[in-house]
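The values are calculated or read from the model by the stated rules, or taken from the named source; none is laboratory data. Note that this is a predicted model, so its numbers are computed, not measured. When we count neighbours, we look across all protein chains shown, and the Cβ atoms used for this are built from the backbone with ideal geometry, even at glycine. Heavy atoms of the whole protein, side chains included, go into the accessibility calculation; ligands, DNA and RNA do not. Shrake-Rupley method; radii C 1.70, N 1.55, O 1.52, S 1.80 Å.
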Amino acid sequence: MKKVFVTSALPYANGSIHIGHLVEYIQTDIYCRFRRMLGDDVVYVCADDTHGTPIELNARSRGIAPEELVAYYAREHKEDFDAFDVGFDIYYSTNSDENRRYSELVFSRLKEKGHIIRKTTPLTWCPTDKRFLPDRYVKGNCPKCGAPDQYGDVCEKCDTTYAPTDLKDPYCVICRGAPEVREADHYFFRLSDFAGELSAWTAKEGSLQDEIRNYVNVWIKDGLKDWCISRNGPYFGFKIPGEDDLYFYVWLDAPIGYFASLDKLCQQTGREVEDYLHGDGSEMIHFVGKDIIYFHALFWPAMLIGAGFKAPDHLFVHGMLTVNGEKMSKSRGTFITARQYLSALDPQYLRYYYAANLSSRPDDLDLNMQDFSNRINAELVGNISNFTYRTLSFCSKQFEGTVTTPADGGPSAEFAAAASEVRNLYAGREFRKAIQRINAACAVANKYFQDSAPWALVKKDRDAAQKVISWCVAACKVLGVMLKPVLPKAAQSLERQLGLGPLAWADANFDYQNRKIAAADMLAKKVEKEQIDAMFAYVPPSTGPGAAVVRVGAAGALAQNASAESARATGEIEPPPFAAEITYDDFARLDLRVAEVLEAERVPKSKKLIRMQIDCGERRQIVAGIGEVYAPEQLVGKKIVVVANLKPAKLMGIESKGMLLASGDLVLAEFPKDAINGGKVK
């Protein structure tokens, strides 16, 4: 049993997970599930990447601490990954004691060996914002190909890497003003010290895909440059020991977060970190997108080698996702978040479609929605789910679920060959070919069922018909094994229907007889056009962490701060973080009541305030700042929720005796018309 340490790139704690991210996490999860089915001791770790200037600036603009921002996204990210069955053994954070300790350890070892030096360097300084600008906060024309609007570290058009000061016609992303060049002292990692070690690592069999190896070798041949690994404050991250205003650059401590997460997992489970990092036969495997090859194929292995760790055994790179042939774009409506997808479609469909299109090469992948629905309906539903359901339901109906000896005439050899081939394809990350082979095997099983015609045979020879259907039931077990890495929920359903424990790869055989199955269930249902339309039409909640929280006045006036309105204008608002926990007694102090709006009118000289007469068990007057969303006539007759025991207050001289409840985008919480006025909400 090998000890296998597997990671995906850490998602940045500055925004929501989208379906482009999910390509990597689903790919990695499929691989990990497969290796576990072989019996390997696989740990799949991940964490939120929490440090850097974008986090600091975003939190500041929202009026909250960076810790609040990253805590909000940590919850959201983990919920999204769970929904797509991405089975991390731990989902941690780079803003942790373990990561600080490992970052300082790597830094100190590299510095002691002379691989880190301090020198003066020119940097971009924004005179308007009065701060040094990191590479992602400077844009301009690429110094090599001239492509406009490129970030200050790498050109997305020609892949040239450079310093922010090399950009032509640069501008500050924050204020759009022209930056100045100022000098400052910083720490640099001498990447060129490791040209030989990196060349030897890239040459090792399996370390990199051939296409990626060629990329990296060109970079090595062209000459490796020193890498600035420190940043000036203000900055959210770890201070460099002994420094007052220098912090570890996020790209130093982020990959070290792999080790920190592993360390935390080992603390929690009694494992030994060294067994996974340096143990005999252990494997360290990273899955990343091709947009971050430079960091993971040069800086990261060089840092590890210099600090006394082994370089990764395998770095697997995948391509990028397009939707309907286009790069994901909010303006074109092809930017789809995980939650937008989940609002309308089953997550196992996306797992299946990605697997059906992923190979071991770093090729781009297109989510074509017409092809998506066609393949789900024809393959997953029409072929696989159809076979398992018709088999198990026939067995239940005709033989009370009893399985006997499989028929000798069944195409068992075809299934045995398929299981062997699929195992090798999973091992080589050829998921597309694995799905094709599974479908081919299932088509053979469907043909066997159809040709054997058990519905007719059972009328003439029940024993023969039972043996035919018993072969088909055993084939369902083999299908469950082959599908399990891709569709864990479907495999779990088959395990329940077959009365089996967790299927391992050793179960890919026809040893299933003299048993009784449970009631049959469909593994998947057809995708309808209306579901896809609903996904694209989904409108996310228009509130978000900190700045997007609606501020509630003492008597119900709702006022949003300016930064929330700015966030709404850019479409970047997300749901708010949870507030601090309260006790039940705190909650019980609120007297929430059903109230019917009897009358409503605008308050003179106010754009937002509406005066209402309500019936909450008694007639009352309340004033609420919802006039920019609702017209008075829209409110009359609505059954809403009010806080009935709020101390009265005056707004523009008008007394308000209560507060209505609404979501962050001012959508009222409503009850049906037959709700009793004054009824207590609890």
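Would you check if there is a residue in segment 271-283 being in contact with a Cys (Cβ under 9 Å, 6 or more places away or on another chain), open to solvent by 10 Å² or more (accessible area, probe 1.4 Å), at pLDDT 95 or above and in a loop (DSSP other than H, G, I, E, B)? Taking every residue of segment 271-283 in turn, at least one turns out to be in contact with a Cys (Cβ under 9 Å, 6 or more places away or on another chain), open to solvent by 10 Å² or more (accessible area, probe 1.4 Å), at pLDDT 95 or above and in a loop (DSSP other than H, G, I, E, B). For segment 592-633, the candidate set comprises residues that are in contact with an Asp or Glu (Cβ under 9 Å, 6 or more places away or on another chain) and modelled with pLDDT under 90; within that set, the residue that is surrounded by the fewest Cβ atoms within 10 Å (Cβ to Cβ) is Lys607. With respect to being surrounded by fewer than 17 Cβ atoms within 10 Å (Cβ to Cβ) and of a type outside the set (A, V, I, L, M, F, W, C), Glu414 fits the description. Before we move on, is Val23 under 20 Å from His286 (Cα atoms), in a strand (DSSP E or B), among the hydrophobic types (A, V, I, L, M, F, W, C) and within 19 Å of the chain's Cα centre (by Cα)? Criteria not met by Val23. Within segment 178-192, residues that are farther than 30 Å from Pro301 by Cα sit with their Cβ atoms under 6 Å from residues that are among the polar types (S, T, N, Q), at 6+ positions apart or across chains, in these pairs: Pro179/Thr124; Val181/Thr165. Count of segment 145-172 residues, restricted to those that are under 28 Å from the mean Cα position of the chain (by Cα), open to solvent by 50 Å² or more (accessible area, probe 1.4 Å) and farther than 10 Å from Asp135 by Cβ, is 4. For segment 634-667, a residue qualifies if it is surrounded by fewer than 20 Cβ atoms within 10 Å (Cβ to Cβ) and closer than 15 Å to Glu596 by Cβ, and the qualifying residues are Gln634, Val636, Gly637, Lys638, Leu661. Look at (1) buried (at least 19 other Cβ atoms within 10 Å of the Cβ); (2) more than 16 Å from Cys228 (Cβ to Cβ); (3) among the hydroxyl-bearing types (Ser, Thr, Tyr) and you find that Tyr137 fails only one, number (2).
Screening Tyr25 against (1) crowded, with 22+ Cβ neighbours inside 10 Å; (2) closer than 24 Å to Thr269 by Cα; (3) at pLDDT below 95 leaves a single unmet condition, (3). A single member of Asp80, Asp85 is in a loop (DSSP other than H, G, I, E, B), touching a residue at least 24 places away in the same chain (Cβ under 8 Å) and among the acidic types (Asp, Glu), and it is Asp85.
Quick grid of which residues meet (1) under 25 Å from Cys145 (Cα atoms); (2) of a type in the set (A, V, I, L, M):
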{"site": "Asp166", "(1), (2)": "yes, no"}
{"site": "Tyr171", "(1), (2)": "yes, no"}
{"site": "Ile174", "(1), (2)": "yes, yes"}
{"site": "Gly177", "(1), (2)": "yes, no"}
{"site": "Val181", "(1), (2)": "yes, yes"}
{"site": "Arg190", "(1), (2)": "no, no"}
{"site": "Ala195", "(1), (2)": "no, yes"}
{"site": "Leu198", "(1), (2)": "no, yes"}
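If you go through segment 192-233 and keep only what is under 24 Å from Leu246 (Cα atoms) and of a type in the set (Gly, Ala, Ser), you end up with Ser192, Ser230, Gly233. Being of a type in the set (Ser, Thr, Tyr), out of contact with any Leu (no Cβ under 8 Å at 6 or more places or on another chain) and under 24 Å from Ala47 (Cα atoms) holds for only one residue in Ser108, Ser103, and it is Ser108.
Within segment 82-107, how many residues turn out to be farther than 21 Å from Ile55 by Cα and either open to solvent by less than 40 Å² (accessible area, probe 1.4 Å) or in contact with a strand residue (DSSP E or B) (Cβ under 6 Å, 6 or more places away or on another chain) (or both)? The number of residues fulfilling the criteria is 11.
Taking the criterion of being open to solvent by 40 Å² or more (accessible area, probe 1.4 Å), of a type in the set (Phe, Trp, Tyr) and touching a Leu at 6+ places or on another chain (Cβ under 8 Å), the only residue of segment 211-232 that qualifies is Trp219.
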